[in-house]
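No lab work stands behind these numbers, since they all come straight from the coordinates. This is a predicted model, so every value here is computed, not measured. FYI the Cβ positions are ideal-geometry reconstructions off the backbone, even for glycines, and counts take in every protein chain you see.
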Amino acid sequence: MLVTVAVSVPAPAATAASSRHPDPTSSPTPRTSTLSRADDRAADDSDEPLDVDLISLSPGVVPTKGAVELVGTVRNASSQTWRDINVHAWDSTTPITSTEDLATAAATDADADVGERLTSEHGFVAVGDLAPGQQTSFTLRVPRAELTIPDEPGVYFMGVHALGTSDEGREVAGRARTFMPVVDGKKPRAAVALVLPFRQAVSRDADEAGQLRDPDRWRTQLSADGRLERLLGLAESAGNAPLTMLLDPAVLDAVATLAQSDSDSKDTSEQDDVARAKAWLVRFRGVASHQSVLGLGYGDPDVAALARHRPALLSVAASLSEQALARHDIDATPAAAPVEGALPPRFSDLLDPSTVLLMSDTAVTGSGSLSHSRSGQPLVTTSTATAQGGPSPTPATWALAMRQRILAEASLHRTGTQDPLVVELPAGWNPGPDWSTSGFFAGLRVPWLRLVRLGADTVPADAPTVTSVAYPSTLADLQLSAAQIDAVSDVRRDAEIYADALVDPGSVVDQFTKVALEGASFHARAHRETSLRSTRSLATSVRDRLAGIHVEGFSLVTMSGGTGRFTVTLVNDLSRPVKVGLRARTSGDLHITTPTAAVLPAGQRTTVRLRVTAGASRVRTVVLTPETSNGHAVGTPFRFSIRNSRVSSLVWGIMAGAFALLAFTIARRAVRRGLRREPAP
């Protein structure tokens, strides 16, 4: 018998809770942790005084001989000391033989009586006393002969109970459980496709630079115990085992932004953050180079909402995704994977035929896991139940619980069909603090199971076509509203006009569009009003930039005839050079000739001479608007009046006649005076 017990010394609760790993001689050395298990279990609703976690179970199936090793931790989550704690292994004797019964078993109450504790020589271990906040680890090695699980194929419960004594007496104060299959070696191998999601909400500033609004959150994601770091570490642990990575390329762009932050900074911690982000990207590319990658639309859009309200944005998101993946040197197959697991049947007509669709088996039934949509796209059906993980009180989706649920489902999936069991892990999946000791992929390396990848050629040409998809109104109600999608479209339209005015627009349209697509992401469902305000604010920001192009002049221009010229000033207050002209809006009998578009440097102004032709004498209103070479109105219009008067020529004629008459009169007087003058005597 091998029993390893490591008891932590009394310490403040946070410190004691962080000492959660067993002796390194009995398990792989974990990565350095900055978070306690209590942090990761924050969402756990268990009110038991002792938190018991299984962090390693080997092997993952009931062996025909040898022993089962259970490694875990016990933490005193109560405010009183627990004494004389024993950790007992326990198991069940009734096989679960269908996926339906397995789903029912996973939903049973944590304290349901589904098995018996083992009291044999190797079935329990004493771990002593635990003060509040204190934690210890345990290792049990139970020989196959001491298990009560029969040899009958099926899925069984297995777990541990922590018995201890408090002021109220002795009782079961903590428990953990999982599934353990007994496998019939004569059946065909089960094929399993694992889909590991790299999805995360991205929030950027509403400007061309697009800096992350919450860089600290991303630094946490990439830290030793951050979710994205855990996911990548788990993917690396797969080695050469086939794996499919479901990727929103906006995640890579966000990490790349962090990797470029203040490269000249003298702050050591900031330098470490930058180095960590750079390393994460390199490691990700390394894994992606030999695994299958399915690329989501940029920003992980709410595909159903886009298809319903602005189908053109589907192509925009796909194009931006393709560009980002190429920029990061990632070879990927385009995919759509709605978080609710379904798309309205007709909406697939709006997606590219090469897009791989991932839908749940609650939406697509009766066609196996590999089929074609009505529009011809490869359609992969995922197992909803498997992705829900293991039974409580163990956190259902931690790596070990998820691995055991996959093994259990796969053992019941061995029907001889060629279609794999497809497990798309939850969109926000966190494998938990002990993923590195769980032996996730090591436990899946069993003779009766083979892992497969998903890709463009996964679905055979002769696979059936699905014509009916369940999409209840409750799912339609979850979609983003028309107002939210329209706001995203408005940003792109305004950004295109802004870019049309710039001499060198670069990627300005894509930059603003990528920020706007945050408002069309499925992540935006959790904060709809905030997201809508943010997207509309972004549109206003773009229009405010355009307002920096404007016209100045006099509010009233007076002409002395039917034609004439006057000048206005065209101003560029932007920090970038623009190429614009002027468009005049006048009444029918007033015509203004404007020059063609010209380059105006950043922060400069220029004088523009305009020629005017007017009809009848009167006052007219004119609106001058800056416009691009392609005729897009930009900037701030200038409104003024023109007054012309043809009576002025008559006045000049009268004045000329009067002057001539005056001259004639003067000349005549002079002559008369000359005639009157008598000669000298």
Compute the angle between helix 647-676 and the longest alpha-carbon principal axis of the chain, please, reported from 0 to 90 degrees and rounded to the nearest 10.
20 degrees
Taking the chain as the reference, fit the longest principal axis to its C-alpha atoms, fit the long axis of helix 227-237 to the helix C-alpha atoms, and give the angle between the two in degrees, 0 to 90, nearest 10.
60 degrees
Just need the relative contact order of the stretch 217-375 here, percent rounded to a whole number, with Cα pairs under 8 Å and 6+ apart.
21 percent
Restricted to the chain, the DSSP antiparallel beta bridge percent, nearest 5, is 75 percent
Which cross-chain or sequence-distant (5 or more) residues have an amide H under 5 Å from the amide H of Leu449, H modelled 1.01 Å from N in plane?
Ala190
If neighbour count is taken as other Cβ atoms inside 10 Å, put Ser360, Ser507 in order from fewest to most.
Ser507, Ser360
May I ask which residue of Asn76, Pro464, Thr665 lies farthest towards the positive end of the charge dipole of the chain, with charges of +1 (Lys, Arg) and -1 (Asp, Glu) on Cβ and the Cα centre as origin?
Thr665
If you stretched the chain out fully between Thr665 and Ser560, how much longer would it get, using 0.36 nm times the residue separation minus the C-alpha to C-alpha distance?
34.7 nm
What is the distance, in nm, between label points placed 7 Å from the Cα along the Cα-to-Cβ direction at Thr621 and at Thr465?
5.9 nm
Formal net charge of residues neighbouring Val452 (Cβ-Cβ distance under 13 Å; K, R +1; D, E -1)
+1
So what J values fall out for the stretch 327-333 if you push phi through Karplus, 6.51 cos²θ - 1.76 cosθ + 1.60 with θ = phi - 60°, rounded to Hz, Gly and Pro as x?
5, 9, 6, 10, 8, 9, 9
About the Cα centre, charge dipole magnitude for the chain (Lys/Arg +1, Asp/Glu -1 at Cβ), debye:
5920 debye
Can you give the longest run of the chain that contains no trypsin sites (Lys or Arg not before Pro) sitting in a DSSP loop with at most 10 other Cβ atoms inside 10 Å?
267-676
What is the sum of charges around Thr64, taking Lys and Arg as +1, Asp and Glu as -1, for the other residues whose C-beta is under 9 Å from the C-beta of Thr64?
+1
Of Pro391, Ala401, Ala288, which is farthest towards the positive pole of the chain's charge dipole, taken about the Cα centre with +1 and -1 on the beta-carbons of Lys, Arg and Asp, Glu respectively?
Ala288
Quick one: 3J(HN,Hα) in Hz for the stretch 432-439, Karplus 6.51/-1.76/1.60 with θ = phi - 60°, rounded, Gly and Pro as x.
x, x, 10, 4, 6, 9, 6, x
Within straight cross-link reach of Lys65, meaning Cα distance under 16 Å, which aspartates and glutamates are found once same-chain residues fewer than 8 apart are removed?
Glu146, Asp151, Glu152, Asp184
Please arrange His632, His527 by how many other C-beta atoms lie within 10 Å of their C-beta, fewest to most.
His527, His632
Expected sort for Ser473, Ser289 with the fewest Cβ neighbours (10 Å cutoff) up front is Ser473, Ser289
Scoring only Lys, Arg, Asp and Glu (+1, +1, -1, -1) among other residues with Cβ under 14 Å from the Cβ of Glu171 yields -2
Sorted by chain and then number, the residues having a modelled amide H within less than 5 Å of the amide H of Ala193, at least 5 places away or on another chain, are Leu421, Val422, Val423, Val452
Apply the Karplus curve 6.51 cos²θ - 1.76 cosθ + 1.60, θ = phi - 60°, to the phi angles in the stretch 371-377 and return the couplings in whole Hz, x for Gly and Pro.
7, 10, 6, 5, 9, x, 6
If one takes the longest principal axis of the Cα atoms in the chain, at what angle in degrees, from 0 to 90 and to the nearest 10, does the Cα axis of helix 268-288 lie?
70 degrees
